[in-house]
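Report on one structure; see the data block that follows.
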Amino acid sequence: MAKYQLKGLQAAIFEPADNEKIIEKTEDGLIVEATVRNKFKFLQKILSLGPDCTIIEPDSLKDELIAKLTSMSKLYSSKKEL
């Protein structure tokens, strides 16, 4: 199970998937609870939502996302030097 927050345009156009439900609507957006069946696909979805999306919990998914983004940043930073 995971929770994430959507803001901005992504909150305005959000349609929950079968494994998701909106658990709270706030002034800032939505809080969504998702059953994570495939961690890779979940992180892909989070990345596709861009800066309008923040993982709330669990910390293990946040840490994995941070590790992926850090790795990608290093890869692209090293490409500048070529």
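Run lengths n ≥ 4 of DSSP H only: what is the helix-derived mean residue ellipticity at 222 nm for the chain, with -39500 (n - 2.57) per run over all residues, to the nearest 500? Please list the in-between numbers first.
Working: 3 runs with 38 residues, N = 82.
About -14500 deg cm²/dmol.
Less than 5 angstrom separates the built amide H of V36 from those of A2, all sequence-distant by 5 or more or on a different chain. Cross-link partners for K45 among the aspartates and glutamates, with Cα-Cα distance under 19 Å and sequence neighbours closer than 8 places in the same chain left out: E15, D18, E20, E33, E57, D59, D63, E64.
For the chain, the longest principal axis of the Cα atoms and the long axis of helix 39-48 meet at an angle of about 90 degrees. Phi angles of region 66-74 translate, via the Karplus equation with coefficients 6.51, -1.76, 1.60 and θ = phi - 60°, into HN-Hα couplings of 4, 4, 5, 5, 5, 4, 5, 4, 5 Hz per residue; Gly and Pro are given as x.
Over the chain, Cα pairs under 8 Å with separation of 6+ residues give a relative contact order of 35 percent. The residues of the chain expose on average 72 square angstrom of accessible surface per residue, using a 1.4 Å probe on protein heavy atoms.
So which of K3/K41; K21/K74; K7/K74; K3/K74 end up more than 24 Å apart, counting from Cα to Cα? Walk me through the numbers before you get to the answer.
Working: K3/K41 15 Å; K21/K74 35 Å; K7/K74 27 Å; K3/K74 28 Å.
Long pairs (Cα-Cα over 24 Å): K21/K74; K7/K74; K3/K74.
Let me make sure I get this right: for the chain, a, b and c are the square roots of the gyration tensor eigenvalues over alpha carbons, sorted descending. Under 1.5 in a/c it's rounded, otherwise prolate if a/b > b/c, else oblate. Which is it? Prolate is the answer for the chain, as a/c is 1.5 or above and a/b outweighs b/c.
List the residues whose amide H sits under 5 Å from the amide H of I56, counting only those 5 or more places along or on another chain, with H placed 1.01 Å from N in the peptide plane. Long-range HN contacts for I56: K3, Y4, Q5.
The values are calculated or read from the model by the stated rules, or taken from the named source; none is laboratory data. Remember, it's a predicted structure, so these values are computed and weren't measured experimentally. Note: accessible area is taken over every heavy atom of the protein model, side chains too, but ligands, DNA and RNA are not part of it. Shrake-Rupley method; radii C 1.70, N 1.55, O 1.52, S 1.80 Å.
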